[in-house]
Amino acid sequence: MECKKCGSTNMTERPNGPHIGVYCADCGTWQKWRKKNMSEPAFTIDHNNTSGSLIPEGVYEAVIKAAFENTTKNGAMYIDIPLIVRNDIEQPRKNVHIFHKIWKKKEPNEHDRRCGGYIAAQINAISKAAGIPNGKPYASLEELFNDLYHKPVLVSVKHEEYNNQPQAKVDWVQPSKNPDCQHVFKTENAAPKPDISAGATLLPPSIDDDDLPF
């Protein structure tokens, strides 16, 4: 199951009378009710679901779920690149989402302006990691987003504090050491290619303008 709000596949359950509520373990959004079945075990041990909702710091093989422009609730635009920790490689936190964001610069240079005001160096970094050829021209960001779709990358995750809350942030991104990606998405329609022309948006949880680093 994939969270209808943030896209995470990390779920948790909470009993409520004769039913059990299924909730997203990352953003807390309710997903559905299900009846208790006394023949089912109360819980199972999952070594990939530890240490709270934040993915631990470290290096992960991931796959780009999608790339698209998004906005904060206050209207600040950014490039949203949700990543999923690959399940075709033996590593911790398989299937957990990592939200990578590229913000607009307050004082963009010429290279940034050609990329819609977004930080060109970060766009180049994710493109290089995803295997986009050096020098490939693009008429629009949407064309690049299509090329990034489902590409494998290697990412380093660090924890930083925004508004007194710890958050997981992509520290750097590099080419995958295992480029033959066989990641299996949870469902057939878990990661459809976004209809960018229709202005598709997916909002990750709790992003304020105070979170902007630039």
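The values are calculated or read from the model by the stated rules, or taken from the named source; none is laboratory data. Remember, it's a predicted structure, so these values are computed and weren't measured experimentally. Counting neighbours? That spans all protein chains shown, and the Cβs are built from the backbone with ideal geometry, glycine included.
Do we have Val157 as among the β-branched types (Val, Ile, Thr), farther than 16 Å from Ala66 by Cα and either surrounded by 14 or more Cβ atoms within 10 Å (Cβ to Cβ) or in the same structural domain as Leu83 (by TED's automatic domain parsing) (or both) here? Explain how you work it out, then say what you get.
Working: among the β-branched types (Val, Ile, Thr): yes; farther than 16 Å from Ala66 by Cα: yes; either surrounded by 14 or more Cβ atoms within 10 Å (Cβ to Cβ) or in the same structural domain as Leu83 (by TED's automatic domain parsing) (or both): yes.
For Val157, the condition - among the β-branched types (Val, Ile, Thr), farther than 16 Å from Ala66 by Cα and either surrounded by 14 or more Cβ atoms within 10 Å (Cβ to Cβ) or in the same structural domain as Leu83 (by TED's automatic domain parsing) (or both) - is met.
When Thr71, Thr29 are screened for being modelled with pLDDT of 90 or more and surrounded by 13 or more Cβ atoms within 10 Å (Cβ to Cβ), only Thr71 passes. In the range 170-179, the condition of being at negative phi, part of a strand (DSSP E or B), buried (at least 17 other Cβ atoms within 10 Å of the Cβ) and modelled with pLDDT of 95 or more is met by at least one residue.
When the range 79-97 is filtered for residues that are at pLDDT 95 or above and touching a Leu at 6+ places or on another chain (Cβ under 8 Å), the ones remaining, listed by number, are Ile79, Asp80, Ile81, Pro82. Contact map, the range 103-123: residues that are more than 21 Å from Val173 (Cα to Cα) and not assigned by TED's automatic domain parsing to the domain that holds Leu144 paired with residues that are in a helix (DSSP H, G or I) and β-branched (Val, Ile, Thr), Cβ distance under 8 Å, separation 6+ or inter-chain. No pairs are found. Those helices (runs of 4 or more DSSP H) of the range 70-148 in which at least 2 residues are under 21 Å from Glu160 (Cα atoms), considering only elements entirely within it, cover 120-129.
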